[in-house]
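The values are calculated or read from the model by the stated rules, or taken from the named source; none is laboratory data. Fair warning: this is a prediction, and the values are worked out from it, not measured in the lab. Cβ: placed from backbone, ideal geometry, glycine included. Neighbour counts: every protein chain shown.
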Amino acid sequence: MHADPKGVLTGVHFIDGDHAACEGALAAGCRFVAGYPITPSTEVVERFAARIPLVGGVFIQMEDEIASSIAIQGAVWAGKKVMTVTSGPGLSLMMEHVGLAAITEVPCVFVDVQRGGPSTGLPTLPGQADMMQVKWGSHGDYEIIALSPNSPQECFDLMIKAFNLAEIYRVPVFFMMDEVVGHMTERVAIPKASEIEVVERRWTDKKPGEYRPYAAGDDQVPEMVKAGDGYRIHITGLTHDERGYPAMNPATQDTLVRRLIGKIRDNADKLVDVREDGIEGADVVVVSFGITSRVAAAAIEMARHKGVKVGHLRLVITWPFPAVRIRELARKIKAFVVPELNMGQMVLEVERAVAGRTAVLSAPHAGGTVHEPEAILAKIMEAAQ
Amino acid sequence: MSETETFGFEVENPVMPYLRQDRLPHIWCPGCGIGTTVNCFTRALTESGMNLDRVAIVSGIGCTGRVAGYMNLDSFHTTHGRAIPFATGLKLGNPDLKVVVYSGDGDLTAIGGNHFVHAARRNMDLMIICVNNFTYGMTGGQVAPTTPIGATQTTMPFGNFENPFNLPFLADACGAVYVARWTVYHVKQLAKAMKEGLAKKGFVFIEAMAPCPTLYSRRNRLGDGVDQLKYYKEKSKIVNGADTKDVGLAFQGDIIVGKFVDRDRPTWLDSMNEHYSKVFGERYVPYGVSHGQD
């Protein structure tokens, strides 16, 4: 279906990534946001608070990030599309509710405008060091989806994709911005509502009595209802059976957890979203994401001027990781170079996929600013040896 | 409601249609007071005449946290301490719902204390039923923010020396529009308070004192559930309109019960709609004021 025109600010704008992310959420149909102020993400909710009264919906500034990350889940069961927005310290507080969203299969979007850490770290400066936290941060086994925009335009475009994927797979989706992408101002073109595809919730057409909240078909994703419609659902964070009732035994745990994992892992091929440039015939491939991809592009240009055959593979969806594509390339190239604003997180995934078939060079950075292109260039030259 | 089990009796227990009978038996111990509060709640629902499809119940974690799972309503068993913010999202997501938060003293006022005070401050339209048994039952009887000074708990093995909350005073001070306390001895009054609470708009707080014979009573040599009911009967004094700062509880001391607060304040949602109508005029479409209970 098409976007609701009420939320779509069609036209060409000169706005930063935080504002563009908010417009993406509005265009995607987000009508409930609960948040708590935290640099460098606050502008997203500030804009939402200013925009939502006339679009029709609710913004509430909660007492903390713990409350924000569960208030949105209450609103989902009332039928709303929802988002919360934060940065590192707030993300850490939200972790228990990432697990709740995973086990109760609540479609929701967590925006993380990453800053330097650990702890309070560098509130106003960029990092990309939450990549593993969003994948593994809540206890237990579950799967999530994460996207990494590298421009304000992508903050708009990919946000719509983030909301759509949340509905298709009923998982928490992480929108992994960083301080630079969030605060960089560029041209953002917002299309007409009729040109924006949004995915409706997977509402059931079963009647009360025949509907089972956690019975899933072949795609492993159950259909939804909302409170107030007469289904008298029970939703719990305990291990539950198809009725949604607690059933704390190894057999139910096995069925539930395998499905929570399977609905993403079994669809990992469909979920691959990488942007490739100059991969064919390359000796070296740079794997990057988010703001670092733009610095990497400059380094790659410099390397090509020096005659190195270097390609670029940018992860747009970072989780699930495109392991199959990386493995294919591993057979053909001399080395991967993985620059990131952390001390080596996604490089571990590259190494896992490569499994020793070729060299993998990490180009870590502790954060606080972006890489110097020369630092990435030096790794490319080393890799090309 | 489909046919219900009568367990050999000629007449069906009037509580049964409100329960998910396929989830019985429940987990509560003999002599526990939580079931009595549930009985009162079902009576309040009956007398309220509400469309039960539009009533949702939200619990946190703990013995009382299991109430949501037994009620035949749209029911949500959330995370420890976070029933109120979940309920806030549910209510604001669909203001036509009547949202009841049903949880224990530890869940609502220790780990969930911050959410409790802010929801009361905002006058969020939620009815909070707090079953206060002065302990953490599910985890084996640890000290709670409500444990009276002198009571022994596993994590206060030599007697509690921490000052407890006076819950009605806390709710009152934070802005609750309705505050009452009853014990599970006062079943009629408790059911009536719940009925009034269901009809009230805004942050409603009802404290239901209940025995935990397995952990609180046994560890403090207070006898069984019946002994605690006798204590409630003998030491309770009904003082409607009592100043909430005077209703604190001492170990096995006097219990002031009654309806302490009943006032009107605009809810969060009413305030938002009124404010934005002023700011934006006719351009603003009031949010969630369409139908009410049908």
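Miscellaneous remarks
- The criterion of being touching a residue at least 60 places away in the same chain (Cβ under 8 Å), surrounded by fewer than 21 Cβ atoms within 10 Å (Cβ to Cβ), closer than 30 Å to B:Ser75 by Cβ and not acidic (Asp, Glu) does not hold for A:Gly137.
- Residue tally, condition of a type in the set (D, E, K, R) and within 14 Å of another protein chain (Cβ to nearest Cβ), over region A:15-60: 2
- B:Lys192 vs. criteria away from chain A (no Cβ under 14 Å), among the basic types (Lys, Arg) and over 12 Å from the mean Cα position of the chain (by Cα): yes
- Within region A:107-132, the set of residues being among the β-branched types (Val, Ile, Thr), touching a residue at least 40 places away in the same chain (Cβ under 8 Å) and surrounded by fewer than 21 Cβ atoms within 10 Å (Cβ to Cβ) comprises just one member, A:Thr124.
- Being without any contact (Cβ under 8 Å) to a residue 60 or more places away in the chain, crowded, with 24+ Cβ neighbours inside 10 Å and at the interface with chain A (Cβ under 8 Å from one of its Cβ atoms) is a property that does not hold for B:His118.
- Matching option when the condition is crowded, with 24+ Cβ neighbours inside 10 Å, closer than 18 Å to B:Ala87 by Cβ and more than 18 Å from the chain's Cα centre (by Cα), among A:Ala101, A:Ala75: A:Ala75
- The set of residues in region B:46-67 that are at the interface with another protein chain (Cβ under 7 Å from one of its Cβ atoms) and aliphatic (A, V, I, L, M) contains only B:Ala56.
- Taken residue by residue, region B:16-31 has at least one member that is facing another protein chain (nearest Cβ under 8 Å), surrounded by fewer than 24 Cβ atoms within 10 Å (Cβ to Cβ), assigned to a loop (DSSP other than H, G, I, E, B) and at pLDDT 95 or above.
- Considering region A:269-338, the qualifying strands (runs of 3 or more DSSP E), each wholly inside and each with 1 or more residues that are buried (at least 21 other Cβ atoms within 10 Å of the Cβ) and on the phi < 0 side of the Ramachandran plot, run over A:284-288, A:310-315, A:317-319.
- Residue list for region B:68-97, restricted to those being surrounded by 24 or more Cβ atoms within 10 Å (Cβ to Cβ), outside any helix (DSSP H, G or I) and either more than 9 Å from every other protein chain (Cβ to nearest Cβ) or among the hydroxyl-bearing types (Ser, Thr, Tyr) (or both): B:Ser75, B:Thr78
- Test: residue in region B:276-290 that is at pLDDT below 95, over 30 Å from B:Met156 (Cβ atoms) and not small (Gly, Ala, Ser): yes
- Condition met for B:Val289 (within 14 Å of chain A (Cβ to nearest Cβ), without any contact (Cβ under 8 Å) to a residue 12 or more places away in the chain and assigned to a loop (DSSP other than H, G, I, E, B)): no
- Listed conditions (1) assigned to a helix (DSSP H, G or I); (2) at the interface with another protein chain (Cβ under 10 Å from one of its Cβ atoms); (3) out of contact with any Leu (no Cβ under 6 Å at 6 or more places or on another chain) are all met by B:Arg43, apart from (2).
- Taken over region A:61-94, residues that are assigned to a helix (DSSP H, G or I), more than 9 Å from chain B (Cβ to nearest Cβ) and among the hydrophobic types (A, V, I, L, M, F, W, C) amount to 3.
- Filter pass, A:Ile333 being at pLDDT 95 or above and touching a Gly at 6+ places or on another chain (Cβ under 6 Å): no
- Any chance A:Ala49 is part of a helix (DSSP H, G or I), touching a strand residue (DSSP E or B) at 6+ places or on another chain (Cβ under 8 Å) and in contact (Cβ under 8 Å) with a residue 60 or more places away in the chain: no
- Restricting attention to region B:175-201, the residues being part of a helix (DSSP H, G or I), in contact with a helix residue (DSSP H, G or I) (Cβ under 7 Å, 6 or more places away or on another chain) and not β-branched (Val, Ile, Thr) number 6.
- Within the set A:Ile264, A:Ile235, the sole residue that is at pLDDT 95 or above and within 14 Å of chain B (Cβ to nearest Cβ) turns out to be A:Ile235.
- Within region A:99-126, the set of residues being in a helix (DSSP H, G or I), within 11 Å of chain B (Cβ to nearest Cβ) and of a type in the set (A, V, I, L, M, F, W, C) comprises A:Leu100, A:Ala101, A:Ile103.
- Given (1) touching a His at 6+ places or on another chain (Cβ under 7 Å); (2) at positive phi, number of the condition B:Gly223 does not satisfy: (1)
Residue-by-condition table, conditions (1) surrounded by fewer than 21 Cβ atoms within 10 Å (Cβ to Cβ); (2) away from chain B (no Cβ under 13 Å); (3) within 15 Å of the chain's Cα centre (by Cα):
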{"site": "A:Gln153", "(1), (2), (3)": "yes, yes, no"}
{"site": "A:Met177", "(1), (2), (3)": "no, yes, yes"}
{"site": "A:Gly182", "(1), (2), (3)": "no, yes, yes"}
{"site": "A:Pro191", "(1), (2), (3)": "yes, yes, no"}
{"site": "A:Pro213", "(1), (2), (3)": "no, no, no"}
{"site": "A:Gly230", "(1), (2), (3)": "yes, no, no"}
{"site": "A:Arg243", "(1), (2), (3)": "yes, no, no"}
